[in-house]
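A short worksheet on the structure shown next.
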Amino acid sequence: MPPVRHFIRITSVTLIYYYLNLQDVTLHLYLIPNDWTIQKAIDEQEMRFQFVRIHKPPPVDSLCIGSRYIVSASKNLEIIPKELELCYRSSRESQLFSEIYVGHMDSEIKLKITDKKNGNLKWEALLNPDAPTLLHFVDQHREQLVARVTSVDPLLDKLHGLVLSEEEYGAVRAEATTQDKMRKFFSLSRSWNRASKDQVYQALKETHPHLIMDLFERSGGVSVGS
């Protein structure tokens with residue numbers, strides 16, 4: 001007679017991260033034990049690749065360690081893998097996740113996690129394309145960046161020739177105050193694509209690391225230095 005498996009029920013969380021490349025959205029969905037050290041490790045890993053967390057409620061019911069769950073969506077999306085096992089891995093190990101390629105997100109999407117064994121719904125979340133969290137970091141925090149960036153010239157130097165032309169570089173530097181410089185700087189953003197905004201984000205991280213960490217924490221990330 002085969003041994004009986006005893007599944008341990010635990011509190012779990014779902015973590016969703018998105019990356020917006022031009023108009024194409026990619027999601028990473030994790031189902032993990034409710035362990036802060038694991039969440040922090042995932043946050044740091046996703047942040048390195050410029051994925052941003054979307055806050056959604058966790059599963060209401062406790063789930064079983066070792067059980068398998070099916071990830072699905074209201075649209076016919078590419079989900080790899082479609083099956084996740086709820087398992088306990090060290091925060092130093094790579095965590096399991098499903099990558100979901102959404103493409104152009106022009107309408108809301110419902111994500112679901114169901115129990116593979118009995119098909120019971122365990123979690124669902126609605127993603128709206130108009131949600132502020134789907135904005136690029138520099139768009140999402142524009143007001144705070146205008147107010148709190150203190151050294152504009154080093155930022156401009158890093159972006160000169162990459163994002164800013166000689167004329168644009170000079171026009172921003174010609175403004176009288178730091179905030180006026182930042183307002184002029186962001187007035188140029190209408191011509192920026194995703195790659196340009198990524199370069200702005202990277203330059204901000206290098207010139208104002210503490211500010212960017214603070215804004216990232218406020219938007220749901222975890223500080224690498226915390």
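The table that follows gives values for the structure above.
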item: Lone qualifier among V172, V138, V149, V163 - being more than 27 Å from the chain's Cα centre (by Cα) and among the β-branched types (V, I, T); result: V172
item: Residue that is farther than 16 Å from E85 by Cα and at pLDDT 80 or above, where the choices are I42, I38; result: I42
item: Leading residue by the ranking (least open to solvent (accessible area, probe 1.4 Å)) among those in the stretch 161-179 that are over 16 Å from R190 (Cβ atoms) and of a type in the set (S, T, Y); result: Y169
item: Subset of the stretch 97-126 that is of a type in the set (D, E, K, R) and either in contact with a His (Cβ under 7 Å, 6 or more places away or on another chain) or more than 14 Å from S74 (Cα to Cα) (or both) - its residue that is least open to solvent (accessible area, probe 1.4 Å); result: D115
item: Check on T133, at pLDDT below 95 and either at positive phi or out of contact with any Gly (no Cβ under 6 Å at 6 or more places or on another chain) (or both); result: yes
item: Residue check, L86 open to solvent by less than 20 Å² (accessible area, probe 1.4 Å) and out of contact with any Pro (no Cβ under 8 Å at 6 or more places or on another chain); result: no
item: Qualifying positions in the stretch 60-81 - out of contact with any Leu (no Cβ under 8 Å at 6 or more places or on another chain), part of a loop (DSSP other than H, G, I, E, B) and open to solvent by less than 50 Å² (accessible area, probe 1.4 Å); result: S62, L77
item: Within the stretch 153-220, helices (runs of 4 or more DSSP H) holding 1 or more residues that are touching a strand residue (DSSP E or B) at 6+ places or on another chain (Cβ under 7 Å) and under 22 Å from Y18 (Cβ atoms); result: 194-207
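The values are calculated or read from the model by the stated rules, or taken from the named source; none is laboratory data. Since the structure is predicted, the reported quantities are computational estimates derived from the model, not experimental observations. Heads up, the Cβs are rebuilt from the backbone with ideal geometry, glycines too, and the neighbour counts pull from every protein chain shown. Areas reflect the complete protein model, heavy atoms only, side chains present, ligands, DNA and RNA absent. Shrake-Rupley method; radii C 1.70, N 1.55, O 1.52, S 1.80 Å.
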